[in-house]
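Chemist: Would you mind keeping the following structure in view while I ask a few things?
The values are calculated or read from the model by the stated rules, or taken from the named source; none is laboratory data. Computed from a predicted model, the values in this text were never measured in an experiment. Don't worry about glycine lacking a Cβ; one is built from the backbone with ideal geometry, like all the others, and counts go over all protein chains shown. What goes into the accessible areas is simple: the full protein's heavy atoms, side chains included, and nothing from ligands, DNA or RNA. Shrake-Rupley method; radii C 1.70, N 1.55, O 1.52, S 1.80 Å.
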Amino acid sequence: APGRMDFSVDKRRDVLLCYIDAHVKKAADLLLETDFVFALKKLEDRKVLAVLDLLGPSSLSQKYCIELLQAPRSDAVWQASAANLYTYAGEVATTPIDPKAALARFAKVTTPVAPVVAMPRETIAAPARVHIVQEGESLWKISRQYKVKVEEIVQLNGLEKDALFPGMTLKLP
């Protein structure tokens with residue numbers, strides 16, 4: 001019908017990407033807020049670099065950069081993501097920037113330490129499963145799906161609060 005407005009996801013993406021091409025910082029923020037997984041997995045590297053160039057320091061920007069460092073992307077995207085992380089932290093990166101070092105520095109990934117005392121066979125945990133968080137999911141919903149306690153998910157992933165975002169990878173007991 002004439003005069004009807006198109007509020008589809010594709011239209012929103014197109015509008016935000018046009019504003020990103022016009023160097024509008026708020027458009028990059030809105031893209032991450034409304035469509036994080038799309039920005040992470042579907043954008044071409046050229047567009048990702050444009051988004052990275054516009055982002056300012058925020059927890060969502062930091063998560064985006066960390067996720068990009070773990071994604072199959074070009075060296076240019078890895079370099080820009082790592083540089084942004086150092087900038088957000090108010091640090092000067094050594095050149096050339098080492099994306100793996102930046103990931104280790106900012107992702108705060110901890111490797112579980114093996115117990116010193118031998119444990120009975122029945123108490124040894126099976127290898128952890130993983131779950132990719134989808135839009136609208138909560139820790140409670142994920143815990144019910146896998147029949148585990150919310151506290152176990154929080155502890156295993158070192159979560160400080162229930163802040164999940166689409167595309168986040170959670171380890172599950």
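Chemist: Could you work out how far apart the two model spin labels at Ser58 and His23 are, taking each label as a point 7 Å from the Cα in the direction of the beta carbon, and quote it in nm?
Modeler: Placing both labels 7 Å along Cα→Cβ, they lie 2.0 nm apart.
Chemist: Then there is this: Using a Förster radius of 25 Å, what is the FRET efficiency between Lys141 and Leu30 based on their Cβ-Cβ separation? Nearest 0.05, please.
Modeler: 0.45
Chemist: Order Lys141, Lys147, Lys42, most accessible first, counting only protein heavy atoms with a 1.4 angstrom probe. Mind showing how you got there, number by number?
Modeler: Numbers: Lys141 105, Lys147 175, Lys42 150 Å².
From most accessible down to least: Lys147, Lys42, Lys141.
Chemist: Follow-up. Given points 7 Å out from each Cα along the Cα-Cβ axis, report the Val150 to Arg12 separation in nanometres with one decimal.
Modeler: 2.6
Chemist: Given a 1.4 Å probe and the protein chains all in place, what does the accessible area of Glu135 round to, in Å² to the nearest 10?
Modeler: 140
Chemist: Any chance you could look up the accessible area of Asp45 with a 1.4 Å probe, heavy atoms only, rounded to 10 Å²?
Modeler: Per-residue accessible area (Asp45): approximately 50 Å².
Chemist: Can you put Val92, Val150 in order of accessible area, largest first, using a 1.4 Å probe?
Modeler: Ranked list, largest accessible area first: Val92, Val150.
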